[in-house]
Structures are given as structure tokens and as C-alpha cells.
Amino acid sequence: MARRILSLWLPRLASERALRRAGVEGVPLAIIERRGPAEQIACLSPAAEALGLRRGQPLAEARALAPGLITRPADPEGQAQMLAALNRWSLRYAPWGAVEGADGLVLDITGSAHLMGGEAALAADLHARLQAAGFTARLGLAPTRGAAWALARFAREPVALATEAGAALDPLPIAALRLPPETVEALARLGLRQVRDLTRTPRAALIRRFGPELALRLDQARGAVAEPVAPTPPSAPFAVRLTLPEPIGLSADVMAALVRLLDRLCTRLEDAGRGARHLRLELARTD
């Protein structure tokens with residue numbers, strides 16, 4: 001069975017998460033992070049982009065252009081938690097998936113698309129549900145992980161499906177190969193701007209000048225080198241257990257056992273720096 005990989009990109013995840021937490025929408029909001037001595041824009045809401053602001057712009061310059069701009073500091077940990085929750089939710093569409101970067105997911109939907117009425121129906125349903133939840137989403141579906149990643153971020157349409165990786169990649173910019181920015185800039189100075197330009201250039205010359213990563217990324221995207229989706233390992237549950245040598249029948253005995261369990265559980269939670277909002281007690285009878 002041919003492999004089918006779906007890449008999901010949430011380009012405004014940080015700003016849309018902040019808007020959800022604030023309970024507002026349609027306002028100009030920017031997520032700010034410090035890079036060196038200055039603060040810069042890391043993510044923008046659609047309303048902020050409509051004012052002419054852009055990512056990477058210094059905060060002082062952005063405030064001069066938009067005095068009413070609302071700002072929030074970047075929260076990588078909170079964003080990672082939301083992405084992990086979305087990854088768990090996305091398992092309704094595929095047997096397994098994984099977090100990809102700070103704003104994306106990757107799903108291996110091989111053999112599961114027919115359960116949703118086909119690939120187009122699956123992608124449309126996923127995209128519609130995310131939009132209804134307030135997320136800007138772009139989807140790419142292709143035979144390889146690299147091609148799916150490229151389509152999600154560089155295709156013209158927000159939902160792009162491809163049956164053949166090479167044909168889908170050829171017209172895309174070289175940045176779609178997940179190369180470092182400095183490599184992309186160096187290739188552009190040589191007149192190599194699209195993926196198809198690399199396939200027409202002698203490989204040995206490219207490797208000598210730019211190293212093996214360029215050839216590896218190209219081969220991964222076109223399917224010459226496998227790049228499987230490794231599912232995110234589940235977090236270890238915080239659970240404790242107590243086995244009694246003799247059956248008990250009094251409520252006081254149950255409560256005494258519960259106190260012992262809670263002491264052990266609280267110690268584990270404290271050591272991990274975690275807390276609990278809900279606990280579940282399971283009791284097994286002798287019969």
C-alpha cells in the first residue's frame with residue numbers, strides 16, 4: 001500500500017491561542033519574543049497583519065505603525081501543550097501522528113482515509129473543524145513526509161493533495177525542502193530558486209558546495225530516502241496501586257488505604273513538578 005502522509009501547519013497558532021485565552025477575536029494582536037537586545041514580532045493575528053505589520057519586525061517600529069496594537073509575550077511551553085492536545089485530537093483521523101516543529105503536526109493516514117470517505121473528504125473535514133475552532137490551518141497530503149510538509153507551507157491553496165511527490169515539488173521554492181535559510185540564499189545567488197532547478201543540476205557539484213544535507217532533503221521529499229512518522233510516545237500515567245493480603249470490608253479500612261495511596265501519589269507528583277485536578281479510584285473485589 002502506498003504511503004500517504006498529511007502535514008498540518010498552524011501558522012498563527014501563537015496569536016490564535018492568545019486570542020482564545022483572552023476570549024476576544026478580530027483585534028490586532030502580536031506575539032513578542034526577544035531576539036538579542038531587541039523585541040520582535042513572532043506571530044500576528046489577521047487584524048494585525050491587515051495593518052501592514054510583519055513577522056520579524058521590531059516591536060518599536062510596529063507600535064509606531066499601529067499604536068493600538070495588543071501584545072503578549074511568547075509562551076513556547078503553553079504553545080507546545082496546545083499542540084500536544086491537538087495532536088491527541090487529530091488521532092480521530094489516523095492511527096498515529098506526531099508534533100512537527102513549534103506549529104505543525106504530521107499524520108500517517110495510510111489505509112485510514114476510506115473511513116472518512118476518502119482523502120479529500122478527510123482533509124476537508126479536518127480543515128473545517130480547525131477553522132470552526134478558530135485556527136488558521138494549511139494542509140498538505142502527499143506520498144512523502146517532505147512533500148506533504150512543502151505543500152502545507154508553500155502550495156497556493158490551503159488544502160493541497162498530491163499523488164506524486166516529484167511533480168508536486170518541482171514548482172515550489174527551494175525553501176520547501178526544509179533547508180537552512182543561508183543555504184536557500186546561497187542557492188538563489190546561483191540562480192537556483194525552484195526545486196526543479198536542483199534536479200537539473202549535477203548532484204556531485206551541489207554536494208561539494210553545500211554538503212550532504214541538500215541531497216538528503218531532496219531525496220526524502222521525492223521518496224528516495226524513507227522518512228517515517230514516529231508517533232509521539234504517550235506520557236507515563238501517574239498511578240499508584242495497593243494490594244492487600246486479606247480482603248477488607250469496612251469503610252474505615254478503605255479510607256486508610258486511600259490515605260496511603262495519596263501520600264505515595266503526591267510524592268511522585270511533587271518530584272515531577274506536576275499537579276492533579278481529577279483523581280480516579282479503582283477498587284477490585286475479591287470475586
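The values are calculated or read from the model by the stated rules, or taken from the named source; none is laboratory data. Just so it is clear, the structure is predicted and the values come from calculations on it, not from any experiment. Backbone-built Cβ (ideal geometry, glycine too); neighbour counts: all protein chains shown. Accessible surface areas use protein heavy atoms only, side chains included; no ligands, DNA or RNA. Shrake-Rupley method; radii C 1.70, N 1.55, O 1.52, S 1.80 Å.
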Checklist outcome for this item: Given the conditions (1) touching a helix residue (DSSP H, G or I) at 6+ places or on another chain (Cβ under 8 Å); (2) surrounded by 12 or more Cβ atoms within 10 Å (Cβ to Cβ); (3) not β-branched (Val, Ile, Thr), every one holds for Leu283 apart from (2)
Checklist entry - Is it the case that the range 247-263 has a residue that's out of contact with any strand residue (DSSP E or B) (no Cβ under 8 Å at 6 or more places or on another chain), in contact (Cβ under 8 Å) with a residue 12 or more places away in the chain and in a loop (DSSP other than H, G, I, E, B)? => result yes
Next on the checklist: Every residue in the range 1-15 that is in a helix (DSSP H, G or I) and either crowded, with 23+ Cβ neighbours inside 10 Å or hydroxyl-bearing (Ser, Thr, Tyr) (or both), please.
Outcome noted: Ala14, Ser15
Checklist entry - Restricting attention to the range 55-109, which residues are over 21 Å from Arg138 (Cβ atoms) and hydroxyl-bearing (Ser, Thr, Tyr)? => result Thr71
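Take the residues in the range 32-52 that are of a type outside the set (S, T, N, Q) and open to solvent by less than 10 Å² (accessible area, probe 1.4 Å); name whichever of them is farthest from the chain's Cα centre (by Cα). Explain how you work it out, then say what you get.
Filtering the range 32-52 for residues of a type outside the set (S, T, N, Q) gives 32-39, 41-44, 46-52.
Now drop any that are not open to solvent by less than 10 Å² (accessible area, probe 1.4 Å), which leaves 41, 43-44, 48.
Numbers: Ile41: 20, Cys43: 15, Leu44: 17, Ala48: 23 Å.
Of everything passing the filter in the range 32-52, Ala48 is farthest from the chain's Cα centre (by Cα).
Answer with yes or no whether Ala98 is over 15 Å from Gln40 (Cα atoms) and in contact with a Pro (Cβ under 8 Å, 6 or more places away or on another chain). Talk me through it step by step, then tell me what you get.
Values: over 15 Å from Gln40 (Cα atoms): yes; in contact with a Pro (Cβ under 8 Å, 6 or more places away or on another chain): yes.
Taking the combined requirement at face value, the residue satisfies it.
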Checklist entry - So which residues in the range 208-229 are open to solvent by less than 70 Å² (accessible area, probe 1.4 Å) and assigned to a helix (DSSP H, G or I)? => result Phe210, Leu214, Ala215, Arg217, Leu218, Asp219, Gln220, Ala221
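Of the residues Thr232, Thr243, which single one is in contact (Cβ under 8 Å) with a residue 24 or more places away in the chain, polar (S, T, N, Q) and either closer than 30 Å to Thr286 by Cβ or not in a helix (DSSP H, G or I) (or both)? Outline the logic, then answer.
On the way: Thr243 fails: in contact (Cβ under 8 Å) with a residue 24 or more places away in the chain.
Only one candidate passes the filter, namely Thr232.
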Checklist entry - So Gly101 fits all but one of (1) part of a helix (DSSP H, G or I); (2) under 14 Å from the mean Cα position of the chain (by Cα); (3) within 23 Å of Gly223 (Cα to Cα); (4) not aliphatic (A, V, I, L, M); what number is the exception? => result (1)
